[in-house]
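To start, the structure itself, in structure tokens.
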Amino acid sequence: MKRLLIWLMAMVPFLAAKAGDGDSHITINAGILAPYTLDATIGYEHPLGYSNAVEIYGEGGNHWQKPVCHMFWKGWFWDGGVLFKHRLARFKNGGFRVLGGLHTGMNQQDYFFGIEAGFEYNYVFPNNWVFSVRQKNTVNFLHGDVFRCGVMVGVKIPL
């Protein structure tokens with residue numbers, strides 16, 4: 001019993017120590033994009049060297065038209081894609097990244113593919129959860145919803 005307690009006390013510093021860099025995260029974002037779009041994203045972010053990362057994500061959203069009365073659920077879309085995030089600046093508790101990638105999905109009855117670019121600011125809390133603000137620009141091909149750009153706010157949960 002003494003050996004077990006001594007071993008557990010010796011392991012506490014190793015279990016509690018976290019660098020905050022090199023940890024995989026589950027990302028959850030939500031925001032408003034122009035023109036008239038509500039958007040939500042869930043993904044998996046895998047770190048690379050030098051604070052760069054790759055994210056695989058799924059996204060769903062909905063357009064609303066004017067008048068709003070019965071047209072809200074008529075403009076849904078979903079897609080999925082891959083993003084590469086390159087670090088531009090690193091701060092004491094956060095960082096600023098530029099991101100770019102490809103996605104494909106479905107808008108009501110039409111399939112589409114597109115490209116995405118934007119910026120992301122991350123703030124890392126002591127428990128390694130991350131608050132993120134993402135500025136997002138997408139260009140889609142093969143259907144009428146060509147441009148979407150806006151701001152998304154979210155969290156990253158460490159694995």
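All of the numbers you see were taken from the coordinates with simple rules; none came from a lab. Owing to the predicted nature of the structure, the values given are computational and were not obtained by experimental measurement. Neighbour counts are summed over all protein chains in view; Cβ atoms, including those assigned to glycine, are modelled from backbone coordinates with ideal geometry.
Observations
- Converting phi to 3J(HN,Hα) with the Karplus coefficients 6.51, -1.76 and 1.60 and the offset θ = phi - 60°, the stretch 124-129 yields 9, 7, x, 7, 6, 6 Hz in sequence order, with x at every glycine or proline.
- Here the simple spin-label model places points 7 Å from the Cα toward Cβ, and for ASN127 and ASP110 these points are separated by 4.4 nm.
- Our coupling estimate for the stretch 100-107, obtained by passing each phi through the Karplus curve with A = 6.51, B = -1.76, C = 1.60 and θ = phi - 60°, is x, x, 10, 8, 9, x, 9, 10 Hz, Gly and Pro reported as x.
- The modelled label-to-label distance between ASN137 and ALA117, using points 7 Å beyond Cα along the C-beta direction, is 0.5 nm.
- Label-to-label distance, ILE28 versus HIS46, with points set 7 angstrom from Cα along the beta-carbon direction: 2.3 nm.
- Backbone N under 14 Å from the LEU102 label point (7 Å along Cα→Cβ), restricted to the stretch 116-159: 116, 141
- Euclidean distance between Cα centres, the stretch 28-66 to the stretch 92-106, Å: 9
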